[in-house]
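Engineer: First, the structure itself, so that you have it in front of you.
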Ligand code: FPP
């Protein structure tokens, strides 16, 4: 019977069976603080090395042919961190845009933000919007950065928009999610040995494969991404069927 499996999962297409190439990978980049602590360095240094890992992994995602890579850079809960750490993260975000935007633009990478980035300082909002505009026409890999993102709020907002338009169904909610224009999430990676979702892509993860590694985010290399993709390709996804 050809019934509905999941709003976004066509089980007959690529990305659905054993040996398939993942189209959309998301990463909870965890362990910057512990990486720094192990070396008796300030946490901000761990975040800085975390950005170096972002750069390398984003490049690898492009050369490996991923359609989308979604990175959890700042959650709605991260506002609870000390002011100086939040300031360091914002500074890193700005310098990342300054240093890497040309490379993204030149390599057909489209930038996309999920989350309420408009709550950030006006200079960051302006930089982000400039980066979005400059890469909007690109149709290679989409690099999705989650900024001031929380999945429960995303789902609640999507449900409210769906209700305003008519019936609330899994399909109508999914069509209103921030990720509606992306391929279904295939693989969710979390680094640093923590095994939880932390309010990240809860809806989208319904049928995603999970890959957890002890590697701290600043030490995460393209080879680790490849390892996760290889593990994904060996798994058989049944979407609740047999
Ligand atoms: C978790 O490490 C990481 C974060 C809260 C932020 C992730 C941000 C970056 C990698 C840099 C900014 C990103 C971009 C795209 C410019 P943690 O501090 O929670 O580590 P811990 O659990 O070891 O303390």
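Computed from the coordinates by the stated procedures, all read-outs in this text should not be read as laboratory data. Nothing here was measured: the structure is a model prediction, and the numbers come from that model. Here the Cβ is made from the backbone with ideal geometry for all residues, glycine too, and neighbour counts use every protein chain on show.
Engineer: What pairs come out if I take residues in region 41-57 that are touching a residue at least 12 places away in the same chain (Cβ under 8 Å) and pair them with residues that are outside any helix (DSSP H, G or I) and more than 9 Å from the ligand (Cβ to nearest atom) whose C-beta lies under 8 Å away, six or more apart or interchain?
Structural biologist: Listed pairs, sorted by first residue: 53/220; 53/221; 56/221; 57/27; 57/69; 57/220; 57/221.
Engineer: Every residue in region 160-205 that is farther than 30 Å from residue 226 by Cα and either assigned to a loop (DSSP other than H, G, I, E, B) or in contact with a strand residue (DSSP E or B) (Cβ under 6 Å, 6 or more places away or on another chain) (or both), please. Lay out the reasoning, then the answer.
Structural biologist: Step one: list which residues in region 160-205 are farther than 30 Å from residue 226 by Cα, which gives 160-173, 175-176.
Within region 160-205, 166, 167, 168, 169, 175, 176 qualify.
Engineer: Considering region 124-142 alone, what residues qualify as being assigned to a loop (DSSP other than H, G, I, E, B) and over 13 Å from residue 68 (Cβ atoms)?
Structural biologist: Within region 124-142, the first condition is being assigned to a loop (DSSP other than H, G, I, E, B), and the residues that meet it are 136-141.
Listed by number, the residues that qualify are 136, 137.
Engineer: Moving on to the next point. Does residue 145 satisfy the condition of being surrounded by 21 or more Cβ atoms within 10 Å (Cβ to Cβ) and either under 22 Å from residue 79 (Cα atoms) or out of contact with any helix residue (DSSP H, G or I) (no Cβ under 7 Å at 6 or more places or on another chain) (or both)? Spell out the reasoning first.
Structural biologist: Working: surrounded by 21 or more Cβ atoms within 10 Å (Cβ to Cβ): yes; either under 22 Å from residue 79 (Cα atoms) or out of contact with any helix residue (DSSP H, G or I) (no Cβ under 7 Å at 6 or more places or on another chain) (or both): yes.
For residue 145, the condition - surrounded by 21 or more Cβ atoms within 10 Å (Cβ to Cβ) and either under 22 Å from residue 79 (Cα atoms) or out of contact with any helix residue (DSSP H, G or I) (no Cβ under 7 Å at 6 or more places or on another chain) (or both) - is met.
Engineer: Scan region 25-66 for residues that are touching a helix residue (DSSP H, G or I) at 6+ places or on another chain (Cβ under 9 Å), part of a loop (DSSP other than H, G, I, E, B) and more than 8 Å from the ligand (Cβ to nearest atom) and report the count.
Structural biologist: 5
Engineer: Listed residues 74, 96, 104; which is surrounded by 18 or more Cβ atoms within 10 Å (Cβ to Cβ), touching a residue at least 24 places away in the same chain (Cβ under 8 Å) and under 21 Å from residue 183 (Cα atoms)? Don't jump to the end; show me each part of the working.
Structural biologist: Details: 74 fails: under 21 Å from residue 183 (Cα atoms); 96 fails: under 21 Å from residue 183 (Cα atoms).
After ruling out the rest, the residue left standing is 104.
Engineer: For region 206-218, name all the residues that are assigned to a helix (DSSP H, G or I) and in contact with a helix residue (DSSP H, G or I) (Cβ under 6 Å, 6 or more places away or on another chain).
Structural biologist: 217, 218
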